[in-house]
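Working notes, structure below.
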Amino acid sequence: MLISEHTSTIEACRFCFMCRHVCTVGVIGGRESDIPRGKGLILFKVLKGHADYSPDLVDALYRCCLCGLCETWCKADCRPPDAILAARADIVAQGKEPVAVRRIKDHLLQTGNPFGLPAEERFQALGGPDLFRGQAEVVYYVGCDTAYRQPQIATAMLKILGAANADFTLLPNERSTGKPLSLLGYRDEARTMAEQLAAEIRGVRPKLLVTTCPSAFDAFKTDYPAMGIDLAGVEVLHAAQYVDRLIEQGAVVPRKQPAAIATFLDGTYLGRTHAVYDEPRRILGAFAGLTLGEMVWARELAYSCGEPGGVFHLLHPELSGRMAARVLEEAAKTGADVLITACPTTLELLQKGNHTKLKLRDLVEVVAAAL
Amino acid sequence: MRVPTDSYLNEFLYTELADVVGPENVSTSQADKIAYSCDYYWIPELWIDRGRPSPEPDVVVHPRTAEEVSQICRIAANYKIPLTTWGGGSGSQGGALPIHGGIVLDTKKLNRILEIDKTSLTVTAETGIIMQHLEWELEREGFGTMHEPASIGCATLGGFLAHRGTGVLSTKYGKIEDMVMALEAVLADGTIINTLPVPRHASGPDLSQLFLGSEGTFGVMTKATLKIHPLPEVRRFHAFVFPDLHTGLEAGRQLMVRRLRPSVIRLYDEAETRRLIRRVLGIDKEGAYLVFGFDGDRDLVDLELSKALAICRSFPHEDLGPDLGQDWWDHRYDFFFPNHMFHLPQAFGTLDTVATFANIENVYRAMKQVVEEQFPMARYIGHFSHWYEWGCMLYARFIIDDPPQDAHEAAQLYNRVWDACLRAAMQQGGLLNEHHGIGLKLGRLMRELYGPAYTVLENIKRAIDPNNIMNPGKMGFQSR
Ligand SMILES: Cc1cc2nc3c(=O)[nH]c(=O)nc-3n(C[C@H](O)[C@H](O)[C@H](O)COP(=O)(O)OP(=O)(O)OC[C@H]3O[C@@H](n4cnc5c(N)ncnc54)[C@H](O)[C@@H]3O)c2cc1C
Ligand code: SF4
Ligand code: SF4
């Protein structure tokens, strides 16, 4: 069992409550099985053979959005998300994953996206064949949530790439990075999908791989190297880092914007995992007129909508709606006019539940509008 | 009584509960049965560790209003099944354990802040709010309850009320029972009652105090109004090491009887100084580490601090200065993460007790003697963390590094240590507990503690909960 590699986390968490108040799902869901202690108790029982992965326990193990706040808060170096991911892989190995999880996997394998939408519609909203080149310096990896749900983010990114005169291409056969599969426990399928995508990327022989999706960013930065998948030395950047660099180089020059207060929402992969905190703030600082109002919960302690891999909200729409509502309330307390994220999944979730006066934008949308 | 697990009657119970709170707020999931079968008490932890089956709830409900709580109480009364209130489950006494099955009522969705009265400096909140969430919201407005327990992130307001909990700043701001203005509670028959709006009056006995410390056996507290305070301009700390515990105790006593108003005094015995203070704070000293702090307006703090320093310096001492005191404050919650806390396979218990200054050192030494003489497999350590005008609380601990593997033997040894230590403490004028409560753990000793007065408590319990539905088997009250 893979969870046995996480025995120290499981044994520490099973009787510890110290991160309950920051656990995103725990705070919203309110169940004792939601917090790392609950997960630790369950996993301890499974580990010791005192319980099986019954449907109830399996459901509980998919009720974690992998936001990583517990891990950030923990002073004992425990990693509940890793233990939960191992459990999901064990569950899949036993063929015990819930039907809803299997459906997402089938969609990913059949259509290359978690929604089961036709692969040929992926870039429908973005325009014609001039987006593709056989070889280019920069590959822009769009990602499923951006392509199918938030194409205006890709449009904005294309505008920025154009303004910077970048030699870029999209991948004609772009599919998911495979990350959602690994987060759901399908490690073998995830690897196959990753290898296919990596081959597509290598084929273009780019120097730079840039994406507007933090989940994809983490897949390229963390998962692919961990799986030994070779991206032929290509540099991987999230759009926030890339645009920050372009502005610094003077390759794009945002125009002065009307006065407004903006607040920026950090996320799991871009923030907590890769510590890309300053770049988005520098970019926003480059717009004369825009004032940044920080949330009390910012940077590594930022509230989460549960964006990792874009799968939690597909399984738990009601819960994730309430998680988004909490983020919106928190952002509204800053008195900001606009809440800016750098994640298509987050933007989608916030838009669905926006009951505030806040305008919601992706970082690259804000930049593109000022070009 | 309990609805047999395989009876179709359970379906009716479930339907009625779901009708009140909505199906998403009722759980019979095995995941929750496991998660609610264990709180922070060592015995259920041991049971889980050894793979033994533990008592579990039949159903967990998450009400969102006092009215829903009231209807749940009526359902429990109708079925005559136990109703155990669960806040954060962080209690160390087994108080929230559903030892007879039935309904667990989780309060965490009763979590709204209803009013911050900036004129009178009070806050009214529902009792399921996580204490840290309440404190963070108050801090945004420039206030705090100043209730800062180590479990501030783990536990609910209601849990603290139910156990008469305490925080690190209690020496100035009081225990939770000192902070309460008024309460709303739901009784076993579903009646929703409110206690009087202010705590100081001569209009009969104080009903709020009846519910404080009642551990869910008298009813479910659903709302509380607490005093709040402006955030202090400064908070200053200072640390000393005294050659021995006795000197430290005398210094601490002087700070109190000279009627200074420290927000905190914490004195660690030689063993804890050697072990915990070194490990968590990296301060490598022999003797008894004492830290105190003052908070408030800068000039007043400076004045009190100078008087406190003079008192401490009048004893043989090593002055560690303000930084090593500030360090303690900055890391005050670190002690409770698993890398620093005692945990299984160790057996451990917090023998927290309280007595007058005249008795407290004797209480400390009596328990120490019991552990050392009767339980050679155990260690004894302690600190003194909450100080009053008349005495202080002792947070003593026993630790058995290698308890028996057999769960029965381990539990029996555990209970023997508790009984022997607390009887020794009571003989010297100590109480069973100061801020963690009684729960399942210490119920059997309540009659010894109270003597004939315990009948008064039993009669109140019988009058207020005639069917013995509310958290049966806790605080020494009748089991089922
Ligand atoms: C790491 C750690 C550190 C701790 N440090 C401290 C500390 O510094 N100070 C301190 O005082 N305690 C401390 N404790 C103990 C514990 O947090 C307290 O006893 C706290 O009061 C329990 O609150 P809870 O919400 O978790 O209650 P639970 O454990 O869920 O319940 C405790 C009891 O209260 C009853 N109850 C809960 N809510 C209500 C309600 N609304 N109405 C009626 N009855 C109710 C339950 O039935 C039960 O009997 C610590 C615990 C941990 C895990
Ligand atoms: S992650 Fe750390 S703080 Fe959270 S339950 Fe586990 S050990 Fe405790
Ligand atoms: S990853 Fe997020 S949701 Fe999952 S247990 Fe940790 S804090 Fe909770």
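Some points to look at:
- Among the protein heavy atoms of segment A:299-347, carbon and sulfur supply 54% of the accessible surface, probe 1.4 Å, non-protein parts ignored.
- Surface share of carbon and sulfur [accessible, 1.4 angstrom probe, percent] for segment A:114-246: 47 percent
- With every protein chain in place, chain B: carbon and sulfur % of accessible area (1.4 Å): 51 percent
- With Cα atoms, 0 to 90° folded angle of helix A:187-204 axis to chain A main axis: 20 degrees
- Entry note, the protein assembly as shown: the mean residue ellipticity at 222 nm calculated from DSSP H runs of n ≥ 4, each adding -39500 (n - 2.57), is -11000 deg cm²/dmol after division by the residues and rounding to the nearest 500.
- Among beta bridges identified by DSSP and lying wholly in the protein assembly as shown, the antiparallel ones come to about 70 percent.
- Annotation for A:GLU195 and B:GLU137: the two label points, set 7 Å from Cα along the Cα-Cβ direction, are 5.3 nm apart.
- Using θ = phi - 60° in the Karplus curve 6.51 cos²θ - 1.76 cosθ + 1.60, the 3J(HN,Hα) couplings for segment B:290-301 round to 10, 10, 9, x, 10, 9, x, 5, 3, 5, 5, 4 Hz; x is entered for Gly and Pro.
- Neighbour net charge for B:SER29 - beta-carbon separation under 9 angstrom, K R +1, D E -1: -1
- Projecting the alpha carbon convex hull of segment B:347-438 along each direction and taking the average yields 5.5 nm².
- In range of the label at A:GLU5: residues from segment A:63-82 whose backbone nitrogen is under 15 Å from the point 7 Å along Cα→Cβ: A:79-82
- Nearest-0.05 FRET efficiency for B:GLN478 and B:GLU372, computed from C-beta distance (R0 35 Å): 0.45
- Label-point separation in nm, B:ARG200 to B:LEU121, each point 7 Å along Cα→Cβ: 1.3 nm
- Backbone N within segment B:261-289 under 13 Å of label point (7 Å from B:ARG332 Cα along the Cβ vector): B:262-267
- Packing, taken as the mean count of other beta carbons within 10 Å per residue, orders the peptides B:75-81, A:66-72 from highest to lowest as A:66-72, B:75-81.
- Its relative contact order, with pairs defined as Cα atoms under 8 Å and 6+ residues apart, puts chain B at 15 percent.
- Peptide-level mean, for B:43-51, of C-beta atoms on other protein chains within 10 Å: 3
- Taking Cβ atoms as reference points and 13 Å as the exclusive limit, the residues near A:LEU347 contribute a net charge of -1, counting Lys and Arg as +1 and Asp and Glu as -1.
- Relative to the longest principal axis of the Cα atoms of chain B, the long axis of helix B:131-140 makes an angle of roughly 70 degrees.
- Helix B:454-464 and the longest principal axis of the Cα set of chain B meet at an angle near 40°.
- Computed over segment B:154-237, the ratio Rg/Rh where both radii use C-alpha atoms and Rh is Kirkwood: 1.02
- Shape class for segment B:5-148, computed from the alpha carbon gyration tensor (a ≥ b ≥ c): oblate, with a/c not under 1.5 and a/b at or below b/c.
- Karplus 3J(HN,Hα) series, Hz, for segment B:308-322 with 6.51 cos²θ - 1.76 cosθ + 1.60 (x for Gly, Pro): 5, 4, 4, 4, 5, 6, 7, 9, x, 7, 10, 8, 8, x, x
- Relative contact order %, chain A, counting alpha carbon pairs below 8 Å whose residues are six or more apart: 16 percent
- One decimal place: the segment B:ARG275-B:ASP189 gains 25.9 nm when fully extended, by the rule 0.36 nm per residue minus the C-alpha distance.
- Solvent exposure of segment A:254-369, expressed per residue, is 36 Å² of accessible area, with all protein chains present and a 1.4 angstrom probe.
- Spherically averaged projected area in nm², based on the convex hull that wraps the Cα atoms of the protein assembly as shown: 36.9 nm²
- Centre-to-centre, using Cα atoms only, segment B:231-277 and segment A:137-165 are separated by 61 Å.
- Largest first, the extents of the alpha carbon coordinates of segment A:254-369 on the three principal axes equal 42, 30, 26 Å.
- Positions from segment B:311-358 whose accessible area shrinks by 50 Å² or more when the full protein complex is built, not the chain alone, probe 1.4 Å: B:PHE337, B:PRO338
- Inter-centroid distance (Cα atoms) of segment B:152-195 relative to segment B:90-148, Å: 8 Å
- Shape of chain A, Cα gyration tensor, a/c cut at 1.5: oblate
- Links that overshoot a 23 Å alpha carbon limit, given the list B:LYS285/B:LYS368; B:LYS109/B:LYS441; A:LYS159/A:LYS207; B:LYS33/B:LYS108; A:LYS179/A:LYS359: B:LYS109/B:LYS441; A:LYS179/A:LYS359
- Over chain B, accessible surface divided per residue gives 37 Å², non-protein components excluded, 1.4 Å probe.
- By the Kirkwood approach, averaging reciprocal distances over each pair of separate Cα atoms, segment B:234-333 gets a hydrodynamic radius of 13.3 Å.
The values are calculated or read from the model by the stated rules, or taken from the named source; none is laboratory data. Quick caveat, the model's predicted, so the values are computed rather than measured. Don't worry about glycine lacking a Cβ; one is built from the backbone with ideal geometry, like all the others, and counts go over all protein chains shown. Note: areas computed on protein heavy atoms with side chains; ligands, DNA, RNA excluded. Shrake-Rupley method; radii C 1.70, N 1.55, O 1.52, S 1.80 Å.
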